[in-house]
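Accompanying notes for the structure given below.
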Amino acid sequence: MKDIRISSPINGTLIPLNEVNDPVFAGGAMGRGAAVKNPEGKVYSPFDGEITVFFPTGHAIGLKSDDGIELLIHVGMDTVKLNGEGFSPKAEAGAKVKRGQLLLEFDPQVITDAGYETTTPVVVTNPTEFGAITIELEGQEVTSAAPAEDSSAAVEKDSDDAQYDNLPDEERVAKLIMKYVGGPDNVRTAEHCATRLRLIVNDKSKIQEKKIENIDGVKGQFFAAQQYQIICGTGFVDKVTEEFIKLKPSLSAGGGKEAAYEQMTLVQKISRTLGDVFVPIIPVLVATGLFMGLRGAITSLGSEWSPNFLLMTQVLTDTAFAFLPALVCWSTMNKFGGTPVIGIVLGLMLVFPALPNAYAVGGAAQELAEKGLTWIQAYGMPDFEGKVPIPIDLGFITVPLVGYQGSVLPALVLGIFAAKLQKWLKTFVPDVIDLIVTPFLTLLISMLLGFFVVGPIMHGIEQVVFGAVQNFLEIPVIGGLVIGGLQQVIVIFGVHHVFSALEIYLLSTIHADPFNAIITCATIAQGGAAVAVAVKTRDAKKRALYISSAVPAFLGITEPAIFGINLRFMKPFVYACCGGAVGGAISSAMGLAGTGMGITVIPGMLLYMNGQLISYIIVNLISLAVGFGLTYTLYKTEE
């Protein structure tokens with residue numbers, strides 16, 4: 001097989017494919033190649049050939065060169081959900097193209113503002129026909145070597161599968177998939193993206209996953225977001241889906257996303273909602289955490305800064321948390337269909353500089369009690385300036401007014417209320433005055449409710465609930481042991497986004513995230529267990545697949561390792577949880593805490609540059625060693 005070199009169709013930074021935050025691409029199920037990080041926004045043809053598929057939403061393009069290279073360019077992750085927003089195709093399927101011809105323009109900012117990644121996989125989807133595949137871009141290059149041949153892997157077939165052998169490939173694959181997912185009665189919805197057939201089924205136990213994996217034309221399968229996803233490849237998946245729907249015409253109605261949401265438990269729905277709200281603001285908090293870590297690393301080396309320069313660094317590190325409610329309100333309004341700019345203004349009202357900080361007010365309560373003063377009496381006293389509520393006299397009652405700097409739940413609940421209120425107002429406010437009246441009433445009613453009802457109640461709940469979890473985290477050894485051992489179990493059930501609110505609360509109140517230090521132990525332990533399974537596996541083809549699934553765990557992404565390896569064999573998953581528990585306990589005992597959130601394991605090192613880096617590396621190595629050691633010693637491949 002000949003080696004091939006392909007010029008990158010898009011400018012940016014080349015990275016290995018296994019660093020992509022998607023188990024299908026990272027695991028090599030779609031083929032071999034590379035990915036472009038921070039793409040510039042234009043896609044060009046890398047060779048002379050033909051466009052085999054151009055997805056209607058513009059986010060994915062399939063090409064075939066004149067000498068037989070089949071290439072998939074997939075702009076961003078999950079960008080199919082944008083429905084074409086931000087994408088401007090410059091060609092169409094079936095067109096002949098020349099090297100350097102502009103195929104697509106897109107706006108990376110639109111993608112990131114919607115909460116999606118812009119990293120773009122560039123994948124050869126017929127890799128078995130070639131040796132080493134190299135993607136090159138202005139002095140950068142990433143080479144993917146061909147996996148070792150293994151003749152021992154045989155495809156198992158049912159005896160009656162032979163009846164489909166003479167059918168066209170797409171019809172054969174569709175009928176076999178329908179057979180092995182439990183028949184038409186078990187399929188609730190069917191849709192597809194650029195590479196995968198996505199199904200919602202009624203009974204998961206009826207799916208014969210192994211037999212679906214062995215269908216010639218299927219490149220892999222897994223469950224994600226309550227959908228059973230079957231990887232067929234670009235272009236081919238369109239044909240398979242069309243034939244699949246013919247077997248049950250009612251599937252053409254769609255509704256996959258709604259059906260997936262309906263099948264979630266209440267906890268999963270809450271977690272998904274919190275994830276949709278907090279994930280878009282996490283990049284800002286990650287950047288802030290990196291600034292804090294960098295400042296800590298520099299000052300630990302003995303560097304002395306002038307007050308003005310120190311103030312500038314505080315602008316970098318403190319702004320996001322000073323105006324955190326504005327970020328939360330904006331994202332919540334966006335999630336629930338309100339006008340995002342109203343959310344921003346509403347959030348800024350909650351942290352207006354003249355309002356006393358709710359946490360400072362809470363801290364002064366003990367001092368007031370000791371002096372026998374009420375908050376009304378203390379208002380205006382120099383000793384309590386900015387530490388007591390502002391009294392608002394309503395005639396029949398005096399109401400305390402405080403700000404909610406650093407709070408999460410008041411902004412979240414208020415954002416939901418404001419979005420619902422705005423939608424309700426639009427149902428009867430005449431269009432001619434809607435632009436003025438609706439925002440005015442939304443802000444007025446929401447502000448009053450926020451300061452006098454929602455704010456006090458939700459801030460109290462926030463302090464009780466998050467405070468209890470924080471206290472549990474601070475229990476030496478025990479807190480880290482329990483959370484480190486169970487965190488990846490929570491990931492399996494898809495409710496781990498619930499902890500985003502907790503991490504944001506920790507960073508805004510104590511300016512550190514001990515939760516991050518614990519979950520990184522759980523993450524790397526899963527990678528260690530997966531590597532142990534790969535090392536013990538005698539099948540060279542499976543070993544290569546397992547290693548490619550394990551690598552993302554060392555970058556903080558455990559789904560490929562969990563669902564592709566550890567959970568399938570169960571014992572490696574349990575041993576990895578033991579590794580997470582041991583590492584979490586040690587992390588808790590050492591008092592490790594990151595300066596930010598959102599990244600773990602190797603990238604997470606940037607959050608511990610404030611003098612804790614060595615300790616961070618030690619607990620990671622211990623977790624890795626326990627997960628790997630237990631699996632290598634106790635797990636038997638014949639199991």
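The values are calculated or read from the model by the stated rules, or taken from the named source; none is laboratory data. What you are looking at is a predicted structure, and each value in this text was computed from that prediction instead of being measured. Every residue, glycine among them, receives a Cβ derived from its backbone with ideal geometry; neighbour counts consider all protein chains shown. We work out accessible area using only protein heavy atoms, side chains counted, and drop any ligands, DNA or RNA first. Shrake-Rupley method; radii C 1.70, N 1.55, O 1.52, S 1.80 Å.
The LEU310 and ASP107 beta-carbon pair, evaluated with R₀ = 41 Å, returns a calculated FRET efficiency of approximately 0.65. Multiplying the residue separation of ILE445 and ASP539 by 0.36 nm and removing their Cα-Cα distance gives an extension gain of 27.3 nm.
Which FRET efficiency, nearest 0.05, do ASN38 and LEU634 yield, Cβ-Cβ r, R0 45 Å?
0.55
Between SER159 and LYS248, the C-beta separation translates, for a Förster distance of 22 Å, into a calculated FRET efficiency of about 0.30.
The spread of Cα positions in region 537-597, taken along each principal axis and listed from longest to shortest, comes to 42, 24, 16 Å.
Cross-link list LYS42/LYS426; LYS37/LYS210; LYS96/LYS541; LYS37/LYS98; LYS96/LYS246; LYS64/LYS204: which exceed 28 angstrom alpha carbon to alpha carbon?
As for pairs spanning more than 28 Å Cα to Cα, those are LYS42/LYS426; LYS37/LYS210; LYS96/LYS541; LYS96/LYS246; LYS64/LYS204.
Note on region 425-535: with neighbouring protein chains present and a 1.4 Å probe, carbon and sulfur make up 79 percent of its accessible heavy-atom surface. For a straight C-alpha distance cut-off of 28 angstrom, the lysines reachable from LYS420 (same-chain residues fewer than eight places away being disregarded) are LYS81, LYS257, LYS269, LYS335.
Shown are TYR616, TYR379, whose ranking by accessible area with a 1.4 Å probe and every protein chain present, most to least, is TYR379, TYR616.
Using a 1.4 angstrom probe, figure out how much accessible area region 1-160 has per residue, in square angstrom, rounded to the nearest whole.
Per-residue value: 45 Å².
Maximal additional length on extending the ALA287-GLN140 stretch stands at 50.3 nm, based on 0.36 nm per residue less the C-alpha distance.
Remark: spin-label model distance ALA132-ASN83 equals 4.7 nm, labels positioned 7 Å along the Cα→Cβ axis. The label point for MET1 and the one for THR374, both projected 7 Å from the Cα toward the Cβ, are 8.1 nm apart.
A 1.4 Å probe, protein heavy atoms only, puts the accessible area of PHE440 near 130 Å². May I ask for the angle, rounded to the nearest 10°, between helix 236-246 and the longest principal axis of the chain, with both axes built from Cα atoms and the value confined to 0 to 90°? Roughly 90 degrees between the two axes. The sum of -39500 (n - 2.57) across all DSSP H runs of n ≥ 4, divided by the residue count of the chain, sets its helix-only mean residue ellipticity at 222 nm to -15000 deg cm²/dmol. Could you pull the accessible area for GLU242 with a 1.4 Å probe, rounded to 10 Å²? My reading of the accessible area for GLU242 is about 110 Å². Rounded if a/c is under 1.5, else prolate if a/b beats b/c, else oblate: with a ≥ b ≥ c from the C-alpha gyration tensor eigenvalues square-rooted, which is region 263-352? Judged from the Cα gyration tensor, region 263-352 comes out oblate (a/c at least 1.5, b/c at or above a/b). Considering all different alpha carbon pairs of the chain, the Kirkwood hydrodynamic radius works out to 27.2 Å. Around the Cα centre of the chain, unit charges on the Cβ atoms of Lys, Arg, Asp and Glu (plus for the first two, minus for the last two) sum to a dipole of about 740 debye.
Accessible surface for LYS219 stands near 80 Å², nearest 10, in the context of the full protein assembly shown (1.4 Å probe). Our estimate of slack between THR398 and ARG568, defined as 0.36 nm per intervening residue step minus the Cα-Cα distance, is 55.1 nm.
For LEU444, LEU63, write out the residues from largest to smallest accessible area, computed with a 1.4 angstrom probe and no ligands counted.
Largest accessible area first, the list is LEU444, LEU63.
Phi angles of region 415-423 translate, via the Karplus equation with coefficients 6.51, -1.76, 1.60 and θ = phi - 60°, into HN-Hα couplings of x, 4, 4, 4, 5, 5, 4, 4, 4 Hz per residue; Gly and Pro are given as x.
Model label sites at ASP216 and LEU621, defined 7 Å from Cα along the beta-carbon direction, differ in position by 5.1 nm. Ordered by 1.4 Å accessible area with all protein chains kept, TYR164, TYR228, TYR116 run largest first as TYR116, TYR164, TYR228.
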